[in-house]
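Below is one structure, written out as structure tokens; comments come after it.
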Amino acid sequence: MPTLHRLRAALLAGAALSGLSFVQAYAADATPTSDAELEPIVVTAQRRAERLQDVPISITSVSANRLEQSNFRSVTDLQYLVPGVQFETTNGTAFNIRGVGSTSWDFSNEKSVSLVVDDVVMDAQRDNGLMGLSDIQQIDVLMGPQGTLFGKNATSGVIAVTTVKPVLGAFSVKGDAAYGEREDRATNLTVNIPLGDRIALRVSGFAQGQEGYGRYTVLNQSMNTYREHGYRAKLLFAPSDHVELIYSSDYSRHWDNNNRTTVDGGSAFFTNLQIANGVTPSPKNDSNADSKMGVLRNTSWGQALRGQVQIGRDTLTSVTAYRDTRSFGAGPGDFTPVDKWAFVPFNQGSVKTWKFSQELRWASPTGGFVEYLAGLYYNRLSQDANQAQWATFGAPLPLTNITTTTGVVGNLGNAVRFRTTNITEAAFGQLKFNLSDKLSLSAGARFTKNDNSQTESFFYIDPMKALGLPLTFTPSGKPPSQPYGRVEGDNFSYRLAAQYRLNGDVMVYASYATGYKPGGTAFVGNNYSPYRDETVKSLEAGIKSELFERRVRLNASVFNSKFTDFQTSLLTFVPGNPVAVIATGNAGGLRSRGFETTFAWRAGENLTLSGGVTYADAQFTDFRYNATTNYAGTSLTNAPKWQGSLSANYDREIGAYRLKASLDYAYRTRTWSAVGQAANTELPGYGIANGRVSVTPANGGVEVGLYGRNLLDKYFSTAFEQYSTMSLTHRISRDAHRTLGVFAKYAF
């Protein structure tokens, strides 16, 4: 512990000194100079390389350097770097943008926010396609409906990740390692190898993890521990200056033992039983007294071939991809030793997915009177999911009879299986007319055809192998009257935009866009229950500017999006089933409106400030939950009205060394983790501060430093959930505790 205190003191002292340097640099360099302008940002939001300032879409771009300075290690941490982005951890395990996203576990439900990695859509329920942030070039977040130019029709936005491609004719190696509190560790290694004048191989690997802050007290093991590792390999073949082929392969594996913990025991008996086993229910409880760990294992593997051919001045691009995902989760819900008091002693599920996609795009160069792009897209996603949940509802084990909430006993079984196939076919395109050097008009459209189907069946799990008991089962559901469902549909989405350049550094724009998510199949209490298409209409207007000899970049936009038949999760009690089930259904209406702004300021030769603010008021306009309840006027889950971030980066040569330092802070206002804004599901607002300081020789090579996440040690929960009628629980985050550490980098 003394060593840890010295490490913490050193980091805070370094942060204070770097903050003093910020003030001194600002005072010395307050007068703008043209040789200290901001570096331009290039994005591919319209499927071609363009300056961010020239694209009539609200975009936030996060560079590789910014990711490194943040000290975060997962793509889900974008919620702390980009105002307006959230990650839903409870229902849909997917991203939200402007307060709107997927909130459903259903396997046929598509994501509202598309995560696209190197032009491949990661649409499987448990596939983020990117665990470690090793060898990333940049991440672009496109706000609002993006239904015309990307593979999937996204109603809320797109997160486009670009990894570094191999470099011809250059051998290079770079690596880094970090170690901190609670065995927080991360290692990354990237090698670029030329295999000839026209061939190069680039391989990057990572391994990272951390021990949890809480404990499984009965098992005497740390809780909320995680471990990840993986690799990405890219082989570049450029037989001529007009042809480029990139074959890529990636693999990643994640393991954690997180689980719910209790906030309120619900009864004196249950609370005292937890206390007797080392757990005190409270809003800051990180520990659990279950007899078994909650476990999540995710494995993803992907292959892709990207070909690009220049034909005249035009470019033909082909992207072929295959992905395979495996996920297993076990989350016992007793919160006490199973022989003292049990509720759900056996609760586990697995998901297997296979995905094939093919995309073709033909694009003109930019700058002509007419710019055009056209494409075709095909995607087939198949999923095979198993679920088993057995409950005693308070009776301790061992016993002879148990209730299955996911099966029908007899010839059918005590566990349920879902097989789902989602097929998407689409044609899309865009025309842009540059009427003058100031005025441009663009129109994009997309026709999509979807075919979603799902089958429900049952199977039997031996209770001796699962719990070590010779149990008989009481069913909580009836056999399905319709075990198969299929929903087909099509949609025409479009986007119209106009942009006008007031001068060389200021552009204003306005757009109107529509978007679409297909309907799907679901089974609620073994009853077939399909849900309808979701559509959105969105208005946006904005300004993009670079001021003071391009030392200041200021972008802002206002938006108003109206959703019809918004697909959301419903907590439903099925007759005969004492445990509520989460089902996908439609809310009649939802709207999200507000504004967002981002800025970057080269405040001095050595100092850059950046940040942004988003206000998004996302609430239901029509949501009739039942005959007596209408949730109109209530907020969507995990949707803060205000989000903001501020960062400062300092880089200066001091003698024979270079000092680098960064501080950043992200804040969000309160949210709710369940529809209806019940008091016990309110999550207070919170902010996280991160810091990093390092020293390297002026000629580069080696860099050593200190890092800190959540420097102010701000505790927060990611969700509150009423666990049946028994107790209030919450989900916890590793980032809810301060982590300090050291790191080293090497490159040649």
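The values are calculated or read from the model by the stated rules, or taken from the named source; none is laboratory data. Every value quoted in this text rests on a predicted model; they were computed, and no experiment measured them. As a convention, Cβ positions derive from the backbone with ideal geometry for all residues, glycine included, and neighbour counts pool all protein chains shown.
Residues that are touching a Phe, Trp or Tyr at 6+ places or on another chain (Cβ under 7 Å) and surrounded by fewer than 19 Cβ atoms within 10 Å (Cβ to Cβ) within region 661-684 comprise Thr669, Gly676, Asn680, Glu682, listed in sequence order. The sole residue among Phe393, Phe356 that is modelled with pLDDT of 95 or more and not charged (D, E, K, R) is Phe356.
If we keep just the residues of region 292-336 that are assigned to a loop (DSSP other than H, G, I, E, B) and touching an Asp or Glu at 6+ places or on another chain (Cβ under 7 Å), which is nearest to Arg232 (Cα to Cα)? Please lay out each step first, then the result.
From region 292-336, those assigned to a loop (DSSP other than H, G, I, E, B) are 292-294, 312-313, 331-336; that's our starting set.
Among the residues that remain, those that are also touching an Asp or Glu at 6+ places or on another chain (Cβ under 7 Å) are: 332, 334-335.
On the way: Pro332: 34, Asp334: 40, Phe335: 39 Å.
Filtering first and then ranking leaves Pro332.
Residue pairs whose Cβ atoms lie under 8 Å apart, sitting 6 or more positions apart in sequence or on different chains, and linking a residue in region 556-573 that is on the phi > 0 side of the Ramachandran plot to a partner that is at pLDDT 95 or above and not polar (S, T, N, Q), do not occur here.
Within region 684-735, the set of residues being aliphatic (A, V, I, L, M) and either in contact (Cβ under 8 Å) with a residue 40 or more places away in the chain or touching an Asp or Glu at 6+ places or on another chain (Cβ under 6 Å) (or both) comprises Ile688, Val693, Ala698, Val702, Val704, Leu706, Leu711, Ala719, Met726, Leu728, Ile732.
How about region 454-522: which strands (runs of 3 or more DSSP E) wholly inside it have at least 1 residues that are touching a residue at least 12 places away in the same chain (Cβ under 8 Å) and under 30 Å from Arg51 (Cα atoms)? Quick ask: steps written out before the conclusion?
Details: elements: 472-475, 484-503, 506-517.
Qualifying strands (runs of 3 or more DSSP E): 484-503, 506-517.
Within region 345-384, how many residues turn out to be buried (at least 20 other Cβ atoms within 10 Å of the Cβ), farther than 26 Å from Leu52 by Cβ and aliphatic (A, V, I, L, M)? Number of matching residues: 2. Of all the residues in region 470-498, those that are loosely packed, with under 14 Cβ neighbours inside 10 Å and touching a helix residue (DSSP H, G or I) at 6+ places or on another chain (Cβ under 8 Å) number 1.
Which residues, taken from region 265-319, are on the phi > 0 side of the Ramachandran plot and either within 25 Å of the chain's Cα centre (by Cα) or in contact (Cβ under 8 Å) with a residue 60 or more places away in the chain (or both)? Residues satisfying the conditions are Gly266, Gly278.
Here is a list: Gln383, Gln389. Which entry is under 21 Å from Pro345 (Cα atoms), in a strand (DSSP E or B) and either in contact (Cβ under 8 Å) with a residue 40 or more places away in the chain or basic (Lys, Arg) (or both)?
Values: Gln383 fails: under 21 Å from Pro345 (Cα atoms).
Answer to the check: Gln389.
Each residue in region 24-56 was checked for being buried (at least 16 other Cβ atoms within 10 Å of the Cβ), of a type in the set (A, V, I, L, M, F, W, C) and either at pLDDT below 85 or touching a Pro at 6+ places or on another chain (Cβ under 9 Å) (or both), and 5 pass. If you check Ala627, Ala648, Ala639 for being under 13 Å from Arg591 (Cα atoms) and either modelled with pLDDT of 90 or more or assigned to a loop (DSSP other than H, G, I, E, B) (or both), only one passes: Ala639. Residue count for region 720-740 under the criterion of being crowded, with 19+ Cβ neighbours inside 10 Å and on the phi > 0 side of the Ramachandran plot: the result is 0. The lone criterion from (1) closer than 21 Å to Tyr707 by Cα; (2) not in a strand (DSSP E or B); (3) not polar (S, T, N, Q) left unmet by Asp197 is number (1). Of everything in region 293-322 that is surrounded by fewer than 20 Cβ atoms within 10 Å (Cβ to Cβ) and charged (D, E, K, R), the residue that is farthest from Gly333 (Cα to Cα) is Arg313. Just one of the numbered conditions (1) touching a His at 6+ places or on another chain (Cβ under 8 Å); (2) in a strand (DSSP E or B) is not true of Lys660; which one? It fails just one condition, (1).
May I ask you to verify whether Thr317 is hydroxyl-bearing (Ser, Thr, Tyr) and modelled with pLDDT under 95? For Thr317, the condition - hydroxyl-bearing (Ser, Thr, Tyr) and modelled with pLDDT under 95 - is not met.
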